[in-house]
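Visitor: Please read through the structure below; I'll follow up with questions.
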Amino acid sequence: MSVQRHPVATSSSFDSLAIVPLDRALVARLRGSYEAVRLHELRLAEIFYAKLFAAAPQVRSLFKSDTASQAAKLMAALDTVVKNFERPQENAAMLAELGRRHASYGATPEHYDIVVRLLVESMGEVLGANAAAANLNEWRTALSLIARQMIRGSGQPMNEKPPHA
Ligand code: HEM
């Protein structure tokens, strides 16, 4: 069985990463489902922040800007990750920096677990009947890897559990 690389995977050595071929079929599926979700940006934001503030009311006070502009920034960051699937080094640098800023906003590793879970749930809700076809589990894994890179960038200890399967 040939080994293929997840587009959000990183390694301490990018040389070793480069010799493992990128899983292009996965890239295409992730891009396809992201495009479908992206069509519902406003509804996704509404559902996601409602869920987040219900599940973790203590994080509400960390957000200083309104949820619409916050959601636009979150989606813009995900747009960049998706655009740069073929350039993991650029994503890694961007996510490490984003993670550093998040430590100063008060985000903890536990918050990332909640955000990943609720983002995937919200994606499922906006896609409705099309959710099954969108391979949401693949987005769960991708978002878990994004979260890991942000947490690593923040210098906080990692929850040493594998990304959600
Ligand atoms: C998938 C993971 C996440 C992504 C891609 C993401 C993305 C972003 C982006 C792009 C911004 C705009 C500001 C900046 O660029 O520094 C932002 C702000 C922020 N994020 Fe996140 N975020 C994520 C996870 C989290 C988590 C786990 C928390 C914890 C509760 C969080 C809380 C915040 C807060 C408090 C702000 C500042 C809001 C403000 O200025 O009012 N984020 N996020």
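The values are calculated or read from the model by the stated rules, or taken from the named source; none is laboratory data. Everything quoted here is computed from the prediction, not taken from an experiment. Virtual Cβ from ideal backbone geometry, glycine too; neighbours counted across all protein chains shown.
Visitor: Output the residues belonging to region 84-119 that are within 19 Å of P7 (Cβ to Cβ), without any contact (Cβ under 8 Å) to a residue 24 or more places away in the chain and of a type outside the set (D, E, K, R).
Guide: N84, A93, M94, listed by residue number.
Visitor: Could you tell me how many of the residues in region 25-54 are free of Cβ contacts under 8 Å to residues at least 24 places away in the same chain, of a type outside the set (A, V, I, L, M, F, W, C) and more than 12 Å from the ligand (Cβ to nearest atom)?
Guide: Residues flagged as free of Cβ contacts under 8 Å to residues at least 24 places away in the same chain, of a type outside the set (A, V, I, L, M, F, W, C) and more than 12 Å from the ligand (Cβ to nearest atom) within region 25-54 amount to 2.
Visitor: Look at A45 and say whether it is under 18 Å from the mean Cα position of the chain (by Cα) and small (G, A, S).
Guide: yes
Visitor: Working only within region 99-135, note down all residues that are surrounded by fewer than 19 Cβ atoms within 10 Å (Cβ to Cβ) and of a type in the set (A, V, I, L, M). Show your work before the answer.
Guide: So the first thing to find is which residues in region 99-135 are surrounded by fewer than 19 Cβ atoms within 10 Å (Cβ to Cβ), and the list is 100-101, 103-106, 108-110, 113-114, 117, 121, 124-125, 128-133, 135.
Within region 99-135, A103, I114, A129, A131, A132, A133 meet the criteria.
Visitor: Could you tell me whether L78 is modelled with pLDDT of 95 or more and surrounded by 15 or more Cβ atoms within 10 Å (Cβ to Cβ)? Write out each step before concluding.
Guide: Working: modelled with pLDDT of 95 or more: yes; surrounded by 15 or more Cβ atoms within 10 Å (Cβ to Cβ): yes.
Judged against the criteria, L78 is a match.
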